[in-house]
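Heads up, the thing below is written out as structure tokens.
What follows draws every value from the coordinates through simple rules; no lab data is involved. On a predicted model such as this, the values are computed, not experimentally measured, just so you know. Cβ atoms come from the backbone with ideal geometry, glycine included; neighbour counts cover every protein chain shown.
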Amino acid sequence: MQFEKIILPGGEMHLILKGRLDVEGTQAIEQGFSFATTVRKESIIVDLAGVSFLSSIGIRLLLTAAKAQ
């Protein structure tokens with residue numbers, strides 16, 4: 001699992017996730033993803049098009065990040 005962070009011209013952050021968002025994938029990106037989503041207060045776009053599998057722990061990661069905004 002990996003993610004790429006792009007800052008768009010309007011200040012919004014675009015996070016592109018690629019791979020499996022299962023237990024291993026979530027552990028691989030959790031710290032960096034959580035930091036990226038809690039530090040900025042601008043809008044964040046999370047692109048899940050490259051995610052081939054999404055488990056409940058992956059959903060928890062996304063919801064926790066959304067609540068932190």
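Structure notes:
- Cα principal axis extents for the chain, largest first, Å: 32, 21, 15
- Here the Karplus relation 6.51 cos²θ - 1.76 cosθ + 1.60, evaluated at θ = phi - 60°, turns the backbone of the stretch 60-69 into coupling constants of 4, 4, 5, 5, 4, 5, 5, 5, 5, 6 Hz, with x for every Gly and Pro.
- Contour minus Cα-Cα distance for GLU24 and SER55 (0.36 nm per residue): 10.1 nm
- Selection among LEU54, GLN31, GLN69 by position relative to the dipole of the chain gives GLN69 as farthest towards the positive end (Cβ unit charges, Cα centre).
- Computed 3J(HN,Hα) for the stretch 24-30, one whole-Hz value per residue from the Karplus formula 6.51 cos²θ - 1.76 cosθ + 1.60 where θ = phi - 60°, is 5, x, 5, 5, 5, 10, 3, glycine and proline marked x.
- For the chain, the dipole from Cβ point charges (+1 on Lys and Arg, -1 on Asp and Glu) about the Cα centre works out to 140 debye, to the nearest 20.
- Within-11-Å neighbourhood charge of ILE7 [Cβ basis; K, R +1; D, E -1]: 0
- Using C-alpha pairs under 8 Å with a sequence gap of at least 6, the mean separation divided by the residue count of the chain gives a relative contact order of 38 percent.
- Choice from ALA36, ALA28, ALA49 showing the highest fluctuation, given a GNM over the chain with Cα pairs closer than 10 Å: ALA49
- When GluC sites (Glu not before Pro) are flagged only if DSSP places them in a loop and at most 14 other Cβ atoms lie within 10 Å, the longest unflagged stretch of the chain comes out as 13-41.
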